[in-house]
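Read the structure below first, then the notes.
The values are calculated or read from the model by the stated rules, or taken from the named source; none is laboratory data. Here the structure is a predicted model, which is why all the values come from computation and not from measurement. Note that we place each Cβ from the backbone using ideal geometry, even for glycine, and neighbour counts take in every protein chain shown. SASA here: full protein model, heavy atoms, side chains in, ligands and nucleic acids out. Shrake-Rupley method; radii C 1.70, N 1.55, O 1.52, S 1.80 Å.
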Amino acid sequence: MAQKKALVTGITGQDGSYLAELLLSKGYEVHGLVRRSSSFNTWRIDHVRDHLVLHYGDLVDQNSLVRTLAMVKPDEIYNLAAQSHVKVSFEMPEYTSNVVASGVLRLLDAVRELELPSRIYQAGSSEMYGLVHETPQKETTPFHPRSPYAVSKVFGHYMTVNYREGYGMHASNGILFNHESPRRGENFVTRKITMGLAAIKKGKSKELRLGNLDAKRDWGFAGDYVEAMWRMLQQDQPGDYVVATGETYSVRQFLDEAFGYVGLDWKDFVVVDPRFFRPAEVDLLLGDPTRAKTVLGWQPKVGFRELVRMMVDADLERA
């Protein structure tokens, strides 16, 4: 059997790096799309860099997508590239929608134009549920996005459904709830907490500034979640899946677990700063992963406590 080829957009990100490792372990030839920038931001994939084929390209540049797809002819495409920060999306709404919404359309249409038989995974987000209509949230729960990022993800979701139904493409949406790891971006709350904690523990800092401590999220481990993406593209039929743990914890509980793990009380260090509140807050996200578990046979392996401790350990070591 010929070696399978995968193209991963956003390969330098948290999910892209874990997915690249998974695909390499399964014998794939792995190609990644990377944006040109003045500084190399490849630390997450440096350890497997020699085993990857990287291409310059961008979801805002249709020609780069067509060129790369025509050259690689991938069996599987994983679209993980995004401006993925919710707060930043309020400050850069047009750019966010250009990448996160229109970028999905460009990619799908490039595949259609080239008549490639590639199977496509589109990275959705629990943020699409926003002002939630039911708890827990499942595949049939209506979306009510509360940020330019979330609105753009909803566009990408339905465009994927549209190309699947309209052109018979094997295109699936993963509605992933919050997933974290030691490779999480430094401006996300979980990583801000573990980095801030490491700085406090090493005597480099005396306080940690955060926004809404009452926001509740369904937090899982990114390394577990990329396996669900892969499993979606191994199915005979494409479909949409919620990927979550089915448990929810507040930012406050994350603080309890992280600071308690190293014997500190977070109340001595955390300052609530109004600058970090969103214009429209998403209060409670809790996913129902029943379909992913039954159809894909997927199970999350890393629990909340284990995840927090893994992140704290990694940032203590880095500090």
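Can A150 be described as open to solvent by less than 10 Å² (accessible area, probe 1.4 Å), touching a Pro at 6+ places or on another chain (Cβ under 6 Å) and farther than 30 Å from V262 by Cβ? Taking the combined requirement at face value, the residue does not satisfy it.
For the range 76-100, a residue qualifies if it is open to solvent by 10 Å² or more (accessible area, probe 1.4 Å), small (G, A, S) and modelled with pLDDT of 95 or more, and the qualifying residues are A81, A82, S97.
Quick check, is M71 open to solvent by 60 Å² or more (accessible area, probe 1.4 Å), more than 26 Å from Q234 (Cβ to Cβ) and either touching a strand residue (DSSP E or B) at 6+ places or on another chain (Cβ under 8 Å) or of a type in the set (A, V, I, L, M, F, W, C) (or both)? No.
Checked against (1) part of a loop (DSSP other than H, G, I, E, B); (2) closer than 29 Å to D236 by Cα; (3) open to solvent by less than 50 Å² (accessible area, probe 1.4 Å), T42 passes all but condition (2).
If you go through the range 197-241 and pick out every residue that is out of contact with any Ser or Thr (no Cβ under 8 Å at 6 or more places or on another chain), closer than 30 Å to E165 by Cα, part of a loop (DSSP other than H, G, I, E, B) and open to solvent by less than 20 Å² (accessible area, probe 1.4 Å), you end up with 0.
Counting only residues that are open to solvent by less than 80 Å² (accessible area, probe 1.4 Å) and within 23 Å of A110 (Cα to Cα), the range 24-39 holds 7 of them. Scoring R275 on the criteria (1) modelled with pLDDT of 95 or more; (2) open to solvent by 40 Å² or more (accessible area, probe 1.4 Å); (3) not hydrophobic (A, V, I, L, M, F, W, C) leaves a single failure, condition (1).
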